[in-house]
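Taking it in order: structure first as structure tokens, then the write-up.
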Amino acid sequence: MRVLSFGEPALKDAQSIKTLRRVASQAGETDSRLVLVVSALLGVRDALAEAAEQAAEGSGGYLQRIEAIREPILEIIRGLFSPREQSGVITAVQILLNDLEDILHGVQLIRECSPRTLDLVYSFAAQISCILISRYLDMEGFTVRAVDNPCILLWRNAHGMLQVDYQASYDTIVGNLDKAEGIQIVAGGIAQNEQGALTILQPDGGDLSASLIAAALKAELIEMWTGMEGVMSADPSYVAEAFVIPELSYQEAMELSYFGARMMHSQSLVPAMEAGVPIQIRNLDRAENPGTRICADPERKQAAIAGIASIEPVALVNIEGGGMVGVPGIAARIFATLAKAAVNIIMISQASSEHSICVVFRQQEADRALEALRAELAPEIRAKQIQNFDLRKDLAILAAIGENMRGTPGISGKLFSALGTAKINILAIAQGSSETNISFVIEKAAEPEALRTVHRAFLG
């Protein structure tokens, strides 16, 4: 059993689907059972979002957006099917688009697009891909089964957020997909909530669908086909010498993903990691290249770090005060206050003197965070227990990540020495006890030079 996931950046034209067919044929030579998880064609989801927005405004412009979707789809059909077979595929797609028009006409009439309706609109994007790919593979002689029933089930937690019900999803996946032979095609990112209503997995829903399916079916491999060569050692737009990392551990991949490396969302890694299913990230445009393999025990040269990633723009709040020293609960109040204000803390640093606490978050959350903290800590400010709130914007977090850093002396010294030589000022530092991640905050303007400096120092 092998699971192949085809993301939106990979599915852009008829040639992409022809390459998909070749990939599926090669995979079928070693694995008799395949599951293809397909996402939207490139640009279709964005066009549907615009159509829904225009319909909610009461505008008839949504019809033009649907028409703009229709023409590229027809071009793909003409590039894949013979004239005799085109009519049946066009009819199937047209039925879907007619249903979509009916839904958006209702949105236009009431001038409101609820989250549930928007999810339904988004689902059409992957359904169109499923029709095109399943009909094409069937024409090419493959044994194909399109799976209509969403296999991923969700439940609502205490905070009202929808989360994956892993065990129920695994049971449903096994019931729907386990015994079928040939190629099974699943619309990626489509799930079902506890009321049975269709909903869309966010973010990177296709990757999460593939990871859940592979874990449930105990697949030997997940292939994530994207528009990228694999996971890069650093952002190539900043570091010209960046290269594709051949292998990563699950933990390294999760850290790099969290800190902005372009690959798959860290949540999508969890099911595969727990089941021990390796992941291969590959580029559909260059299918001959191996890409990056993510597994439990990667084989690679003993470089100190695996890669470098960054998050920007971020903001930093430094809370200082002699009255915080030795007072229990200050940190808990700070974190609880930010949680209530829906501010996600990316990084924390605290001096051992307890005189200051530094928290870092996305820049768009900065003003909301500062207002909430000032309201919560107003008594301490009046009593002079807290002397200062220092807010700094236009910053970036850089993270050097690698499991080979664990237990290796001198890594931090080498890192900060290189940055010091390059005259890059560090505002805050954090390192987890696992020793697989060293994070530091710098001015956003210094981010490109910092990335290049660290890359040269550790990765040559």
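In table form, for the structure just shown:
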{"read-out": "Selection status of residue 254, free of Cβ contacts under 8 Å to residues at least 40 places away in the same chain and either crowded, with 20+ Cβ neighbours inside 10 Å or in a helix (DSSP H, G or I) (or both)", "value": "yes"}
{"read-out": "Subset of region 31-70 (residues that are assigned to a loop (DSSP other than H, G, I, E, B) and either over 28 Å from the mean Cα position of the chain (by Cα) or not assigned by TED's automatic domain parsing to the domain that holds residue 177 (or both))", "value": "32, 57, 58, 59, 60, 61"}
{"read-out": "Which listed residue, of 78, 70, is closer than 19 Å to residue 104 by Cα and not aliphatic (A, V, I, L, M)", "value": "70"}
{"read-out": "When residues of region 186-209 are limited to those that are under 17 Å from residue 45 (Cβ atoms) and among the small types (Gly, Ala, Ser), the one nearest to the chain's Cα centre (by Cα)", "value": "205"}
{"read-out": "Members of region 435-445 found to be of a type outside the set (Lys, Arg) and either outside any helix (DSSP H, G or I) or touching a Lys or Arg at 6+ places or on another chain (Cβ under 9 Å) (or both), listed by number", "value": "435, 436, 437, 438, 439, 440, 441, 442, 443"}
{"read-out": "Residue match in region 231-244 (condition: free of Cβ contacts under 8 Å to residues at least 60 places away in the same chain, surrounded by fewer than 23 Cβ atoms within 10 Å (Cβ to Cβ) and within 17 Å of the chain's Cα centre (by Cα))", "value": "no"}
{"read-out": "Filtered residue count, region 238-263, keeping only those that are among the hydroxyl-bearing types (Ser, Thr, Tyr), at pLDDT 90 or above and more than 28 Å from residue 176 (Cβ to Cβ)", "value": "2"}
{"read-out": "Condition broken by residue 194, with the remaining ones in (1) under 24 Å from residue 276 (Cβ atoms); (2) in contact with a Leu (Cβ under 9 Å, 6 or more places away or on another chain) satisfied", "value": "(1)"}
{"read-out": "Elements of type helices (runs of 4 or more DSSP H) contained in region 316-434, each with 1 or more residues being modelled with pLDDT of 85 or more and surrounded by 14 or more Cβ atoms within 10 Å (Cβ to Cβ)", "value": "330-340, 366-376, 411-421"}
{"read-out": "Test: residue in region 437-459 that is touching a residue at least 24 places away in the same chain (Cβ under 8 Å), surrounded by fewer than 17 Cβ atoms within 10 Å (Cβ to Cβ) and of a type in the set (Ser, Thr, Tyr)", "value": "no"}
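The values are calculated or read from the model by the stated rules, or taken from the named source; none is laboratory data. The structure presented is a predicted model; accordingly, all values stated were derived computationally and were not measured. Note that we place each Cβ from the backbone using ideal geometry, even for glycine, and neighbour counts take in every protein chain shown.
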